[in-house]
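Report on the following structure.
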Amino acid sequence: MKKILIVGNVIKDVYLRLDNRNNAFETDQNGINWLDIAFNGSNHYYYNRVSIYGGASISLEVLSRFGLDAKISGTPATFIDGQFIANETRTNYRYILCRDDNTSHIEASDTAPTAWEVPTVSPDWIYIDSSAILNPTSVNNIINYLDLNQRVKLAYFINRKTNPNATHIFELIRRANLVISTKHLEPIIDNYIYIGKNSIEYSDLQVGWELSNKRDLLTRFSANLTIAASMLGAIILGKNPTESLLLARANIQSAKLSNTANLNTLEQNITDDYYRVKPTAKEQTMSEVAETAKKLMAPGKGILAADESGGSIHKKFESMNIPDDEQHRRDYRNIFFTTPDLEKYVSGVILFDETARQLADNGKTFVEYLNSRGVIPGIKVDQGLVNFEGSDEKYTQGLDGLPERLAEYYAMGARFAKWRAAFELTEKTPSDMAIQKNCEILADYARDCQAANIVPIVEPELVYDGDYTIEQNIATTSKILDTLFAELAKKQIELAGCILKVNMVLAGKRQDEQSSADEVGVATAKVLREHVPAELGGVVFLSGGQSVVQATDNLQAVTNNGPFPWTVTFSFARALQDPALQAWKGNNANADTAREAFLERLIANANALKKTS
Ligand code: 13P
């Protein structure tokens, strides 16, 4: 039997049915009735008092009735033979005032922080329900326990008063295998349940439900706990999304005060309701590329650029005396893809054609291997830079045969692509012609990608190597972005299914006056806000030859200037991979040290996506 450890507060709901028959109510000029009420037992303005258990005891009851082995952490409460038995000292009180069949509730002021005790027998799931009141210390203790017990899954029903962006809460969300919320959060993880006022949404499906206050006075808080625990119980039992939604709906529709149904009763009840499950409006209108882009831009994650062309890898390996052969290139990439927790920090990886066809240790292609880890594989499809005739400026080639190549990559399992145009900023360059031509090519590439259901990452890079000022960068990056989005509009690119990869806005590497992180944050945020349409799928940065620490610090500064209309994150190659290359040195005996070096950069950059000010 699966074990679930509930983290939450047992709450006793004391329903006080207010007495209409006395004249203690005062009516104000808006017709609202007011009552002075004291909870000292001396005022008897209610004529009926019913106490029932709520909060974590609802989770305990529902999961137990689903046949699961559930306990509440740090609380000697049990649910046996249809009876909830609690220890009163750990109970918090809420008073539910009922009048004219309406309810409102008052929470007792001394609600205790939630108990967390390290379990002696490790559970299959930890379920933090919405009754939990967590401080950063208890979150840390839970995270530490989960770090030591990777096998234990976490379900987290975020209390509506909790700020999901608070650092410690964000950590929990990131670790969670299932997140439940009564607010529409951006999908933070794939397994996300939304409990709305009249609908429950899960896995692009939704079912309607109603809280009939009038019938049984169940509070919304208790109703939501019933729904959440029913969904969780069904998922743990291996039910599919449709079955889970129907079970939850059946349970809430038949629930009475402190009385939910057993699983087998529910299973008999749900057949008539099948017609009520339908795809969410989101799902109906969203194209495949928009959906992929949304997954790629999962908040808190970035995209690893592991797509250096043969020439770039050759230079890197040569500088470290590493033989540049296929086996070494494969082993190098293998380090990144097999790093523990990769999927926690990156949503996608951009591959070079050779790597996409190479095999992981388990004999599957790297594309398949990454997909199996929940990381979306992407592919660099441009074929490098060539000079415009009679000019030093360059354009990007690779449009010939692109539709056929994209179809092949899609069949292999890749879902997004990258195309890089590069501009040098000097007195004379980039010329209007070079900007215009490269942006036209980028738009042609984007159109071919979307026709193949592949998300295009359009990358117009203003290269860091130069002696320009930050003001010159602001002007040039702005001009490039304006041209690019005009071309994308002309070719009717669906912006929600397209991602911009761009340089941060800063002074050139050879400029005496280097930009501080604060300057980079402000300038980059301003340029993006003013020149990138809000409908775009997302914005990612290249590191462009900045030092490892500089790239992270600048990313943090950009984050601090948010929020933005789109998710903004990293898609570095060098700033994520260089420390690992230095550690590996071409010798697989160093692979673990290299993985650690990579993981350190992943964590640092994921942290830089959280605001510090
Ligand atoms: P860097 O982060 O090393 O600039 O590489 C990102 C990239 O993909 C350039 O095309």
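The values are calculated or read from the model by the stated rules, or taken from the named source; none is laboratory data. If you're wondering where the values come from, they're calculated on a predicted model, not measured in any experiment. Note that each Cβ is placed from the backbone with ideal geometry, even for glycine, and that neighbours are counted across all protein chains shown. Only protein heavy atoms, including side chains, enter the accessible area calculation; ligands, DNA and RNA are left aside. Shrake-Rupley method; radii C 1.70, N 1.55, O 1.52, S 1.80 Å.
Worth pointing out:
- Any hit, the stretch 421-434, residues being open to solvent by less than 40 Å² (accessible area, probe 1.4 Å) and within 32 Å of the chain's Cα centre (by Cα): yes
- Failed condition for residue 501, given (1) under 24 Å from the mean Cα position of the chain (by Cα); (2) within 16 Å of the ligand (Cβ to nearest atom); (3) open to solvent by 10 Å² or more (accessible area, probe 1.4 Å); (4) basic (Lys, Arg): (3)
- Taken over the stretch 539-563, residues that are open to solvent by less than 20 Å² (accessible area, probe 1.4 Å), within 15 Å of the ligand (Cβ to nearest atom), at negative phi and not in a helix (DSSP H, G or I) amount to 6.
- Residue that is nearest to the ligand (Cβ to nearest atom) [pool: residues in the stretch 507-527 that are open to solvent by less than 10 Å² (accessible area, probe 1.4 Å) and more than 14 Å from residue 560 (Cβ to Cβ)]: 508
- Residue list for the stretch 387-401, filter: without any contact (Cβ under 8 Å) to a residue 12 or more places away in the chain, of a type outside the set (S, T, N, Q) and open to solvent by 40 Å² or more (accessible area, probe 1.4 Å): 389, 390, 400
- Screening residue 157 against (1) out of contact with any Asp or Glu (no Cβ under 8 Å at 6 or more places or on another chain); (2) modelled with pLDDT of 90 or more; (3) under 18 Å from residue 75 (Cβ atoms) leaves a single unmet condition, (1).
- The stretch 68-122 holds strands (runs of 3 or more DSSP E) entirely within its bounds, and those carrying 2 or more residues that are modelled with pLDDT of 80 or more, within 23 Å of residue 236 (Cα to Cα) and open to solvent by 40 Å² or more (accessible area, probe 1.4 Å) map to 69-72, 78-80.
- Evaluating residue 580 against the criteria (1) without any contact (Cβ under 8 Å) to a residue 12 or more places away in the chain; (2) within 16 Å of the ligand (Cβ to nearest atom) leaves one unmet condition, (1).
- Any chance residue 595 is within 14 Å of the ligand (Cβ to nearest atom) and not in a loop (DSSP other than H, G, I, E, B): no
- In this structure, residue 406 qualifies as more than 16 Å from the ligand (Cβ to nearest atom), within 26 Å of residue 540 (Cα to Cα), modelled with pLDDT of 95 or more and buried (at least 17 other Cβ atoms within 10 Å of the Cβ).
- Just one of the numbered conditions (1) surrounded by fewer than 16 Cβ atoms within 10 Å (Cβ to Cβ); (2) under 18 Å from residue 453 (Cα atoms); (3) of a type in the set (D, E, K, R) is not true of residue 380: (1).
- Looking only at residues in the stretch 564-577 that are within 18 Å of the chain's Cα centre (by Cα) and assigned to a loop (DSSP other than H, G, I, E, B), the one that is farthest from the ligand (Cβ to nearest atom) is 565.
Rundown of residues vs (1) modelled with pLDDT under 95; (2) under 20 Å from residue 343 (Cα atoms), yes/no style:
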{"residue": "539", "(1), (2)": "no, yes"}
{"residue": "548", "(1), (2)": "no, no"}
{"residue": "552", "(1), (2)": "no, yes"}
{"residue": "558", "(1), (2)": "no, no"}
{"residue": "578", "(1), (2)": "no, yes"}
{"residue": "582", "(1), (2)": "no, no"}
{"residue": "607", "(1), (2)": "no, yes"}
{"residue": "613", "(1), (2)": "yes, no"}
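- Search result, residues across the stretch 358-377 that are open to solvent by 40 Å² or more (accessible area, probe 1.4 Å) and in a loop (DSSP other than H, G, I, E, B): 361, 362, 363, 364, 373, 374
- Boolean, residue 289 is within 16 Å of the ligand (Cβ to nearest atom) and surrounded by 15 or more Cβ atoms within 10 Å (Cβ to Cβ): no
- When the stretch 450-490 is filtered for residues that are within 16 Å of the ligand (Cβ to nearest atom) and either farther than 20 Å from residue 541 by Cβ or in contact with a Pro (Cβ under 7 Å, 6 or more places away or on another chain) (or both), the ones remaining, listed by number, are 480, 484.
- Counted as qualifying within the stretch 202-257 are the helices (runs of 4 or more DSSP H) with 1 or more residues that are open to solvent by 10 Å² or more (accessible area, probe 1.4 Å) and modelled with pLDDT of 85 or more, namely 220-236, 241-254.
- The residues in the stretch 173-195 that are at pLDDT 90 or above and open to solvent by less than 40 Å² (accessible area, probe 1.4 Å) can be counted, and the count is 9.
- Looking across 509, 501, one residue alone is modelled with pLDDT of 95 or more, closer than 20 Å to residue 313 by Cβ and not in a helix (DSSP H, G or I). It is 501.
- Among (1) open to solvent by 20 Å² or more (accessible area, probe 1.4 Å); (2) away from the ligand (no atom under 16 Å from the Cβ); (3) not charged (D, E, K, R), the one test that residue 493 misses: (1)
- Subset of the stretch 242-262 [more than 31 Å from the chain's Cα centre (by Cα) and charged (D, E, K, R)]: 256
- Subset tally (residues that are in a loop (DSSP other than H, G, I, E, B) and open to solvent by 10 Å² or more (accessible area, probe 1.4 Å)) for the stretch 49-67: 1
- Residue within the stretch 330-342 that is more than 20 Å from the chain's Cα centre (by Cα) and within 12 Å of the ligand (Cβ to nearest atom) present: no
- Residue 320 vs. criteria in contact (Cβ under 8 Å) with a residue 60 or more places away in the chain and open to solvent by 10 Å² or more (accessible area, probe 1.4 Å): yes
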